[in-house]
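Q: Take a look at this one; I'll ask things after.
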Amino acid sequence: MLVYLRLLKESFSFAINALRNNKLRTFLSLLGVTVGIFSIIAVLAAVDSLDKTITSQLSSLDSNTMYVVNRSFGPTDVPRWQRETFDPISYNEYKSLKSSLSEAKHVAFQLGVKRENIRYESELVSGVNTVVVSSEFTDIQVLEFEKGRFYNESESNSGKAVVVIGSEIAKSLFGDFEPIGKKVRLYGQKFTVIGVVKKEGSGLLGDSNDVSIFLPANYVRNRFGDNNPNNMHIVIIKPKKDADIDGLKAEVTQILRNKRGLKADEIDTFFVNIIAGLQGAIDEMLGMLNLIGWVISGFSLLVGGFGIANIMFVSVKERTNLIGIQKSLGAKNKFILFQFLFEAVILAVVGGLVGLFLVWIGTIIGSSLTEDFEFVLSPQNMLLGFFISSIIGLISGVIPALTASRLDPVEAIRTGM
C-alpha cells in the first residue's frame, strides 16, 4: 500500500512539473477536457434546474388532473383538419360531468380568452393574462392569497363582476395603496377587486399568476355568449385521492359521447388530456436536451483525450533515460505503467476540476441574474464530472504508459544519453 502511495505522490509531482515546464502546451491540451467537462456538467445542471423548476410549478396540481377540451395537448393520430371540426366543450356538458362523475373530487369550467387591458383611474396595464374560470378552479390549482379571497360559488354562478389579481398587477395599478374593494375597469365595465394572489415568481409553463387576473367564467358567458370561436372551452377534473384514473377517463368519455350522440363507429370529438402525460412529454424534452449536450461535449472530450495522450507521449520521450535507470535499479513494468497512468489521470482530473469550478461559478452568476430561477449543481453531477475526467485520463494514458513500461532498460538509457 505504501508503495502505491509513494507512486501516487511521485506521479503527482511529475504531473505538476509537466504543468510548470510546458505551460502553454499543457494548457492547450487540457483545454479540451475542461471545455468538455464544463459543457456536459453545465447542460446537466441546466436541465436539472429546469426540471426542478417545472416540477415545483406542477406540484400545485395533481398529476392525474384531467383537461377535457376539443384539442389535444400532445401527439395524436387525429388529423388537424378533423380536429378543427370538433365542437367546443359546452357549459351544459360541464354541468353534466360535474353532477355525474362518481370518481371526481372537483370539476371546474374554464374559458381560454385573449389578453385584456385592465385600468384603475389613470393607471393601465396592457396585455394581461386573463384566467376565466368557475369557482372550483382554486380547489384544483391551489392559490395562496396575499390579501382577500377567491370568488365563491354564488358569485361564480351569477357571473358577478368581481376580479382577483396577481401581485404584480396589484403593484402596477395601486402601488402601496390597499387594492381590496377598489373598482377596476375591464371589458368596458367596472369590476370589484376581492383578492390579490401571493407572489410566486415567473412561470415556465405559461404566464405566472403574478401577472394574471381571475374572473368568473359566467360573466364572460353572460356578456359574450358561448359561441365565440376565439374562446377555448375547457373542463378541468381533479380525481378523488384513490380514484381509478382509467375508469374515470372512461366515464368522462362515455358521458360526453352520450351527450354528443356519437355512434359506436364514430371517433371521440374531444380529448381527455392528463397532466401525467404532459410530465412525460417534458421528461422526453429534457432527455433530448441531455443527449444533445452529451453529443456536443463528446467532441471536446475527444480532443482533450488526444491532447493528454500527446502530453504523455512527449513525457515518455523526455524521461526515457530516467525510465531506463529506474528499470536497471529493479523497477518492475507495473511500477512504470502505473506511474504514467496516474500522471495521465491527474492531468485529466485537473482539467475536469477546472471545468467543474467554471460550472460552479456559472451557477452562482446565473442564479444571481435571474430572480425566480435557481441554477443547481448537484453533488451527483460533480461526481459524474470527476469520474468522466478520470476515465478520460485513464484511456488517454494507457498506450503511452504501456509504451513506457515495455522499454528495454539498456536501450532506454542509451537513447536518453
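Q: Between ILE292 and ASP51, what FRET efficiency follows from the Cβ-Cβ distance if R0 is 22 Å, with the result rounded to 0.05?
A: 0.90
Q: Separate question: For the charge dipole of the range 146-263, defined by +1 on Lys and Arg C-beta atoms and -1 on Asp and Glu C-beta atoms about the Cα centroid, which residue among PHE224, PHE177, SER154 has the Cα displaced farthest towards the positive pole?
A: Ranked along the dipole, the leading option is PHE224.
Q: Explain nothing, just the number: dipole magnitude of the range 83-202 about its Cα centre with +1 on each Lys and Arg Cβ and -1 on each Asp and Glu Cβ, in debye rounded to the nearest 20.
A: In total the dipole reaches around 300 debye.
Q: Now for a separate question. Per residue, how much accessible area does the chain have with a 1.4 Å probe, in Å²?
A: 53
Q: For an R0 of 22 angstrom, estimate the FRET efficiency from the Cβ-Cβ distance between SER328 and PHE306 and round to the nearest 0.05.
A: 0.10
Q: If the chain between ILE391 and ASP244 were fully stretched, how many nm would it gain, using 0.36 nm times the residue separation less the Cα-Cα distance?
A: 48.1 nm
Q: If you put +1 on each Lys and Arg Cβ and -1 on each Asp and Glu Cβ, how big is the dipole of the range 90-149 around its Cα centre, in Debye rounded to 20?
A: 140
Q: Among LEU337, LEU289, ALA46, whose Cα sits farthest toward the positive end of the charge dipole of the chain (+1 at Cβ of Lys/Arg, -1 at Cβ of Asp/Glu, about the Cα centre)?
A: Checked the options; the winner is LEU337.
Q: Only one of the listed values, (1) 25.2, 84; (2) 32.5, 101; (3) 22.3, 69, was derived from the coordinates as Rg and Dmax of the Cα atoms in Å; which label is it?
A: (2)
Q: When we measure straight from the Cα of LYS332, which lysines land under 29 angstrom away, once same-chain ones fewer than 8 places off are left out?
A: Qualifying lysines at Cα under 29 Å: LYS9, LYS317.
Q: Rounded, prolate or oblate, given the Cα gyration tensor of the range 71-204, with a/c below 1.5 counting as rounded?
A: Judged from the Cα gyration tensor, the range 71-204 comes out prolate (a/c at least 1.5, a/b above b/c).
Q: To continue, here is another question. So how do 87-97, 221-231, 149-159 stack up, highest first, on mean other-Cβ count within 10 Å?
A: Most protected by this proxy first, the peptides run 87-97, 149-159, 221-231.
Q: GNM on the chain, C-alpha springs below 10 Å: top fluctuator among GLY188, GLY36, GLY397?
A: Ranking GLY188, GLY36, GLY397 by mean-square fluctuation puts GLY188 first.
Q: Moving on. Express the carbon and sulfur contribution to the solvent-accessible surface of the chain as a percent, rounded to the nearest whole number, probe 1.4 angstrom.
A: Ligands and nucleic acids excluded, carbon and sulfur reach 59 percent.
Q: I'd like to verify something in the chain: which complete DSSP H helices, judged by Cα projection on the helix axis, reach 30 Å or more and average at least -1.0 on the Kyte-Doolittle scale?
A: Passing helices, by number: 23-58, 275-318, 333-369, 379-405.
Q: Quick one: compute the contact order of the chain, relative version, from alpha carbon pairs under 8 angstrom and 6+ residues apart, as a percent.
A: Dividing the mean separation by the residue count of the chain yields 28 percent.
Q: Continuing with this model, one more query. Could you give the size of the charge dipole of the chain about its Cα centre, using +1 on the Cβ of each K and R and -1 on the Cβ of each D and E, expressed in debye and rounded to the nearest 20?
A: 1060
Q: Anything over 22 Å Cα to Cα? Flag those among LYS52/LYS241; LYS95/LYS240; LYS52/LYS199; LYS95/LYS198, in the order listed.
A: In this structure, LYS52/LYS241; LYS95/LYS198 lie more than 22 Å apart at Cα.
Q: While we're on this one: What FRET efficiency, computed as 1/(1 + (r/R0)^6) with R0 = 51 Å and r the Cβ-Cβ distance, is obtained for LYS190 and TRP360, rounded to the nearest 0.05?
A: 0.45
Q: Hey, can you grab everything whose amide H is under 5 Å from the amide H of ALA104? Only 5+ residues off in sequence or another chain; H modelled, so Pro and N-termini drop out.
A: LYS240
Q: Quick check: pseudo-label points 7 Å beyond the Cα along Cα→Cβ at GLN141 and MET285, how many nm apart are they?
A: The modelled label-to-label distance comes out at 1.6 nm.
The values are calculated or read from the model by the stated rules, or taken from the named source; none is laboratory data. Model, not experiment: these values are computed from the prediction. Glycine gets a Cβ as well: all are built from the backbone with ideal geometry, and neighbour counts include every protein chain shown. Side chains included, ligands, DNA and RNA excluded: accessible areas come from the protein's heavy atoms. Shrake-Rupley method; radii C 1.70, N 1.55, O 1.52, S 1.80 Å.
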